[in-house]
Amino acid sequence: MPEPDPASGGSTPPEEGSTPGSVPVWHPDRYPRPIVTDDEARDVLHALWAQARHRDATPVEVRRALFATMSRQWGARPGELCELRTTDFEPGWRSHAPVRRPQGRTSAGLLTETVYATDEIRYLLKKWLPVRRSLVDPLSGGEVYHLFVTTWANHRFGKKYKTGLPLRPFGAERDWRAFIELWNADGAGTRPPLPIRLEAWRRGGRPLPEDSEPDAARRREDDAA
């Protein structure tokens with residue numbers, strides 16, 4: 001998704017490949033900061049998927065793998081993912097129409113576009129939904145429909161919050177920053193450090209090949225069943 005053009009006073013001009021009312025095509029040279037390349041993203045995703053697939057995976061590891069995969073493959077911002085609800089998906093969890101909030105597009109209002117859940121996303125949804133249910137069920141006072149919820153109790157400005165409440169963008173950013181800082185520390189001297197912001201992660205993403213690890217693991221599970 002494009003950033004507002006400073007030369008145009010903050011508005012985003014139409015771009016080739018865009019249609020009226022749609023999210024404009026993003027061009028890499030419009031974002032001046034370093035982004036995570038496809039090769040770097042593939043290494044990170046494989047590590048995240050391996051964590052989520054492990055029998056002793058923690059709730060935050062499963063959630064992080066799904067959040068990062070959606071962010072990269074859909075190009076979704078943290079706020080857009082945090083607003084996802086379990087009721088927003090089509091039957092079978094195959095497609096979803098997220099509300100986009102691109103910067104510099106206030107005159108056009110909120111936008112929607114249909115995105116499709118890849119095999120990787122559907123596999124991770126299968127792993128996350130039971131975990132999510134175990135976190136949400138103990139809550140009282142109403143149903144929580146958000147797809148992404150907190151995995152442990154938190155406190156903010158002196159107020160305590162229970163596990164299972166809707167995940168907020170600052171919480172997603174904080175979790176991702178902690179993961180990338182650890183990733184960079186583990187790879188010090190062997191690979192370049194990655195930028196720690198989710199914005200650098202989501203930009204330039206595209207679906208990975210169909211023989212990626214979660215898809216292969218899903219097929220093995222289906223064959224065993």
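Just the protein heavy atoms count here, and of the accessible area of region 51-91 at 1.4 Å, carbon and sulfur take up 43 percent.
A simple count of charges around Tyr145, restricted to other residues whose Cβ falls under 9 Å of its Cβ and scoring Lys, Arg +1 and Asp, Glu -1, yields -1.
Summarising the label geometry, the points placed 7 Å from Cα in the beta-carbon direction at Glu199 and Phe89 lie 2.9 nm from one another. Amide hydrogen proximity for Leu139: with H placed 1.01 Å from N in the peptide plane, no residue at 5 or more positions away or on another chain lies under 5 Å. Less than 5 angstrom separates the built amide H of Val149 from those of Leu167, all sequence-distant by 5 or more or on a different chain.
The values are calculated or read from the model by the stated rules, or taken from the named source; none is laboratory data. Note that the coordinates shown come from a computational prediction; the quantities given were computed from them, not determined experimentally. Reconstructed Cβ throughout: ideal geometry from the backbone, glycine too, with neighbour counts over all protein chains shown. Ligands, DNA and RNA are excluded from the accessible area calculation, which covers all protein heavy atoms including side chains. Shrake-Rupley method; radii C 1.70, N 1.55, O 1.52, S 1.80 Å.
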